[in-house]
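The block underneath contains the structure these notes are about, expressed in structure tokens.
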Amino acid sequence: MIANAAYARHGRPPRYRLAIALAGVLVILLFLSSFVTSLVLGTIPGRVALFGLPAIALVGVATWIGVRAFDRDPAERRRHLLRAAIVLGIALLLWLLVVDLFLFTGDAPLVALISALACLPTTAFGIWVVRRLDRNEKEPWRLVMVAVAWGAVVATALVIWANTSLGEVAANTLVPGPGMDAFTAYGAGFFEEIAKGLAVLLLYLVMRDEFDDVVDGIVYGACVGLGFNFMESILYMTHIYAIFAGEGFGAEAAGIQWYFRQVVGLFFGHATYTALVGAGIGVARQLPRLSQRLLAIAGGWLIAISAHFAWDAWLQFFPVGDGAFALIGVHLRTILMDGPFTAVVLLLLAMGLQVEGAALRRQLQLEAATGSGAIAPAEVGVLTNPWRRWQARMQVLTLSGLGAYRRLAHLQQAQLNLAMERWHRERRELEGPLEAEELLRRQVLALKS
Amino acid sequence: MIPRDEIRPLYLAMLTLGVLALVILAAGLIDFFAFEPPGQNTGAHATVIGVYRYDPGGGRLSGPDSQRFTADQPFAAEVDWTSLPLTMVVAARWFNTLGTTVGGVGPAPAGQLSEHSIIPVKIPPGFRHNVPGDYTFVVERYQNGQPVEVLARRLVYVRSAV
């Protein structure tokens, strides 16, 4: 049982089997993708050594930990197997990075490196902003970064062959023009949103103690989208550079790509689309019936696919204008075509925060009324207001230093976890009994003492 | 007091978005079939004799039929218009890797295009060379002012000259 979980775990619930099946399908797809890549790329130059050899070493370490786990006490075994799985996951990510590097950077690794360096600060800023949107219970950095890494490495590796094959089919069978654009836009919308959304779905299935509601879904989804946008920006910048380098303005063309993908379009585009997938999964997290959950997830996925489709297919119809007005026109195009979907995400986020805030307030008041001491009546007002929570921490920092600041931050988080746990129990969204709540209460009391 | 169905507005919002998505995707299908109308296969095929290096000054072709050029090599396709019915309205177009039209002829009845059998790729305004990347050459049949069927297709790769 996990003490700070939003619900108690006893045994493995059925959703784990679904998650394992999904992961199995993904591994097979990624293996096939790598196999085709090796056939297409032929010789393997030095870039493999950078990520490929550490990946092989990590596979070795994971195997060693995994084999040794079976010599251990059954109580310890699970922990060691988990470690082996994490190391294996890192190895897989590194290997996929090798694949992506070859596919996306072509013959211009230096340009790709410069593009990556240019995209890092903007993407990092995006991730920071998105994580901060979750005002009441911020998601752990490790899961946020897993979401980003999935978007950047796994999702891109999953879609590259689907998109390329679909492009080939279109180029060989359809009439060039808007019809062909619509066809490829369907493909891009469907495959890319499925590949990105799978990360949020797996987090929902496996890490439910860190996946509470629509707010969490939006945060994870947007982070997956930011990761995908990071890698796609490098791809487009490198590609555009290669096209225009011969004319002497490759760097300027790549810079313009960077501006539109990493500044103007940072929170539009992929971040918005996958946030919509996450919103559907987040709403499903709190619905009682399977049919409702499936409908909410389908709704989120469909709106993400259609938003992505609309941008790719109908971008050309937006009148950008000529001369100086073109500069305004291209900005307006992003705002008017993707903006409404981003506004929908913000609306869902606001609704989610409102529901979550009201629920936490209610649960904190109920907990305070029990007289357990975990939450004093006077603390309720502070805990339900992010600004007042921050003020309280800063006050402690000024008076008693960093250690006291950290202790108060832990206490506030534990109190909010307890309220969140109570909320899930009130809504009958838990799979286990009450011990987790009692453990959380004891944890809060221990931190207070 | 426990609020009843506090998640319901969010659930209804997701359902509404799902319906909106279906409307958008259906509009996409209409868009697709408007430009790619079904049942347009006439069985006709245009003959593209080849794609060759091209001399813009003299308007002549040279060298063997090729699928690869460098950006500083002008090139053109040669079409045998007599392979098509004389009254069939057709056009030939070159698209570069950015999807921009970079040369073409028509639309006009195939019988009127016999003087335009060589269709060169034009260097975009402000450029010194062709844009590197994949190029597509298509011969299309027109109906009601829009292309509805591809009668021939050639793919060419242009690599950077630097």
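The values are calculated or read from the model by the stated rules, or taken from the named source; none is laboratory data. Everything numeric in this text was worked out from a predicted model, so none of it was measured. Cβ: placed from backbone, ideal geometry, glycine included. Neighbour counts: every protein chain shown.
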Kindly check whether there is at least one residue in the range A:255-271 that is under 12 Å from the mean Cα position of the chain (by Cα) and either modelled with pLDDT of 90 or more or surrounded by 22 or more Cβ atoms within 10 Å (Cβ to Cβ) (or both). yes
If I ask for residues that are in a helix (DSSP H, G or I), modelled with pLDDT under 70 and either farther than 17 Å from A:A152 by Cα or of a type in the set (K, R) (or both), which ones from the range A:73-111 would you list? A:P74, A:A75
Conditions: (1) of a type in the set (A, V, I, L, M); (2) within 14 Å of chain A (Cβ to nearest Cβ); (3) assigned to a strand (DSSP E or B). B:L98 meets all but one. Number of the miss? (3)
Six or more apart or on different chains, Cβ under 7 Å: which pairs go from a residue in the range A:285-303 that's at the interface with chain B (Cβ under 8 Å from one of its Cβ atoms) to one that's in a loop (DSSP other than H, G, I, E, B)? Could you list them? A:Q286/A:D213; A:Q286/A:R427; A:Q286/A:E429; A:Q286/B:I7; A:L287/B:I7; A:A296/A:L287
Only one of these is away from chain B (no Cβ under 14 Å) and among the polar types (S, T, N, Q): A:T334, A:T342. Name it. A:T334
I'd like the full set of residues that are surrounded by 17 or more Cβ atoms within 10 Å (Cβ to Cβ) and within 11 Å of another protein chain (Cβ to nearest Cβ), limited to the range B:105-132. B:I123, B:H129, B:N130, B:V131, B:P132
Based on this model, can you work out whether A:F190 counts as assigned to a helix (DSSP H, G or I), touching a residue at least 60 places away in the same chain (Cβ under 8 Å), within 14 Å of chain B (Cβ to nearest Cβ) and farther than 30 Å from B:V139 by Cβ? yes
Within the range A:161-187, track down each residue that is within 26 Å of the chain's Cα centre (by Cα), within 12 Å of chain B (Cβ to nearest Cβ) and among the aromatic types (F, W, Y). A:Y186
